[in-house]
Amino acid sequence: MEKGGNLREIKSLLEKFTNAHGISGFEDDIRELLEKELEPYVDTMRRDCMGNLIALKKGEGPSIMLAAHMDEIGLMVRYIDDNGFLRFVGIGGWFDQTLLNQRVVLHGKKGSIPGVIGSKPPHVMKEEDRKKPVKLDDMFIDIGAKDREDAENLGIEIGTVASIDRNFVPLANGKVTSKAFDNRAGIVILIEVMKRLSKYKIEANVYAVGTVQEEVGLKGARTCAFGICPNVALALDTTIPGDHPGINKTDSSLELGKGPVVTVADASGRGLIAHPQVLRWLKETAAENEIPYQLGVGSGGTTDATSIHLTKEGIPTGTVSIATRYIHSPVEVLDTADIEACVSLIVKAIERVGKYF
Ligand SMILES: [Zn+2]
């Protein structure tokens, strides 16, 4: 397919998967969508006890596991007060200030309920309080309920989860914005890779895995890597660029539109130090096929690769990421051209995986 067609398809998948909701531990809707998308391109599909989706395109060669986490960060109700306002905990790494005055969707037992995150208005704050960031503990969700009973009748209870209500919008120059590009970007790459691989006869045994609970401790990846025990694994995720105001190139050398990011190390080596043979495989594949890429060394977050590479006696593992601005906010921004280049890199790498593993 010509390049414009691919980008259109990538955009429409990103829209579908980021407008959908699935916070850590509650990934069912995302898994169902992913199952439908992968079904035509794989030989088998199963769901393990954690909720990971494990799809397989069978081959005779080495086994490769591609892992993309399905979950997004979200909220969980911990208390309903007498007036029907909901207190909550954050599930995953929120920067509290990004939550203030956002619209949310509560996934109640009677269906979706809209709400907003409220707090004390600045007009009535003391001068010194106005200068301080509002903490998550001082925020609450307003669903318009009259009182606790009314909220309960609407299907809200302790443990009801909520996600940000913010839809996908295209920006200029192939960039797009939405919530949850972390990590629906990885999910879309997974789908596009399997779609393209289905057109060839390839040697490798390719496992396409949608993992659960990455944002709360890389949990799903740990159990499914143990079950699969592949010869090599790649985590597909998002990472932080240094190409906008407020951050320097010395903090992150990465930029949008410069190709997928091949991680050399993340979390200053406490997360993943990529296996040297994985790096060779990815770098040589990119060079021989003239696919742009960037090398990434991070000091902050990590990915499913950290769990995967420590499985059993160790699994050669790497991470390929998409540079994404404002990660863990409702307005993440990425460049669709990076996704297209990432898909090409992974497809080409899988075609020649037997030479390396
Ligand atoms: Zn992620």
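The number of residues in region 223-247 that are in contact with a Ser or Thr (Cβ under 6 Å, 6 or more places away or on another chain) and open to solvent by 50 Å² or more (accessible area, probe 1.4 Å) comes to 3.
If you filter region 212-247 down to residues that are among the polar types (S, T, N, Q) and under 21 Å from Asp338 (Cβ atoms), you find that the one that is nearest to the ligand (Cβ to nearest atom) is Thr238.
Checking every residue in region 133-149 against the condition of being within 18 Å of the chain's Cα centre (by Cα) and either open to solvent by 80 Å² or more (accessible area, probe 1.4 Å) or small (Gly, Ala, Ser) (or both) gives zero matches.
Applying the criterion of being within 14 Å of Asn6 (Cβ to Cβ) and of a type in the set (A, V, I, L, M) to the residues of region 332-344, the residue that is most open to solvent (accessible area, probe 1.4 Å) is Ala337. Looking across region 248-285, the residues that are among the polar types (S, T, N, Q), away from the ligand (no atom under 16 Å from the Cβ) and open to solvent by 10 Å² or more (accessible area, probe 1.4 Å) come down to Asn248, Thr250, Ser253, Ser268, Gln277. One residue stands out among those in region 301-315 that are under 21 Å from the mean Cα position of the chain (by Cα) and of a type in the set (Val, Ile, Thr): the one that is farthest from the ligand (Cβ to nearest atom), which is Ile308. Going by the conditions given, is Ile23 under 27 Å from Val176 (Cβ atoms), open to solvent by less than 20 Å² (accessible area, probe 1.4 Å) and touching a helix residue (DSSP H, G or I) at 6+ places or on another chain (Cβ under 9 Å)? Criteria not met by Ile23. When you check Leu66 against the structure, is it under 23 Å from the mean Cα position of the chain (by Cα) and surrounded by 14 or more Cβ atoms within 10 Å (Cβ to Cβ), yes or no? The answer is yes for Leu66.
Looking at the structure I just gave you, is Ser307 buried (at least 21 other Cβ atoms within 10 Å of the Cβ) and either under 24 Å from Arg8 (Cα atoms) or in the same structural domain as Leu100 (by the TED database) (or both)?
Values: buried (at least 21 other Cβ atoms within 10 Å of the Cβ): yes; either under 24 Å from Arg8 (Cα atoms) or in the same structural domain as Leu100 (by the TED database) (or both): no.
So Ser307 does not fit the description; no.
Every test in (1) buried (at least 23 other Cβ atoms within 10 Å of the Cβ); (2) in contact with a Gly (Cβ under 8 Å, 6 or more places away or on another chain) is passed by Leu14 save one, and that test is (2).
One line per residue, one yes/no per condition, for (1) among the hydrophobic types (A, V, I, L, M, F, W, C); (2) more than 16 Å from the ligand (Cβ to nearest atom):
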{"position": "Asp150", "(1), (2)": "no, yes"}
{"position": "Gly159", "(1), (2)": "no, yes"}
{"position": "Ala172", "(1), (2)": "yes, yes"}
{"position": "Ser178", "(1), (2)": "no, no"}
{"position": "Tyr207", "(1), (2)": "no, yes"}
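Considering only residues in region 286-300 that are touching a Ser or Thr at 6+ places or on another chain (Cβ under 8 Å) and within 16 Å of the ligand (Cβ to nearest atom), the one that is most open to solvent (accessible area, probe 1.4 Å) turns out to be Gly298. Inside region 170-190, residues that are farther than 15 Å from Tyr326 by Cα and surrounded by fewer than 24 Cβ atoms within 10 Å (Cβ to Cβ) make up a count of 4.
Quick check: is even one residue across region 32-50 within 16 Å of the ligand (Cβ to nearest atom) and either basic (Lys, Arg) or outside any helix (DSSP H, G or I) (or both)? Checked against the condition, which is being within 16 Å of the ligand (Cβ to nearest atom) and either basic (Lys, Arg) or outside any helix (DSSP H, G or I) (or both), region 32-50 yields no hits at all. Where helices (runs of 4 or more DSSP H) fall entirely within region 88-200, those with at least 3 residues that are free of Cβ contacts under 8 Å to residues at least 24 places away in the same chain and not assigned by the TED database to the domain that holds Gly25 are at 127-130. Taking each residue of region 7-21 that is part of a helix (DSSP H, G or I) and looking for partners that are open to solvent by less than 20 Å² (accessible area, probe 1.4 Å) and basic (Lys, Arg) with beta-carbon atoms closer than 7 Å, six or more apart or interchain, yields Leu14/Arg184; Phe17/Arg184; Thr18/Lys179; Thr18/Arg184.
The values are calculated or read from the model by the stated rules, or taken from the named source; none is laboratory data. These numbers come from a predicted model, not from an experiment. Every residue, glycine as well, gets a Cβ built from its backbone with ideal geometry; the counts of neighbours run over all protein chains shown. Accessible surface areas use protein heavy atoms only, side chains included; no ligands, DNA or RNA. Shrake-Rupley method; radii C 1.70, N 1.55, O 1.52, S 1.80 Å.
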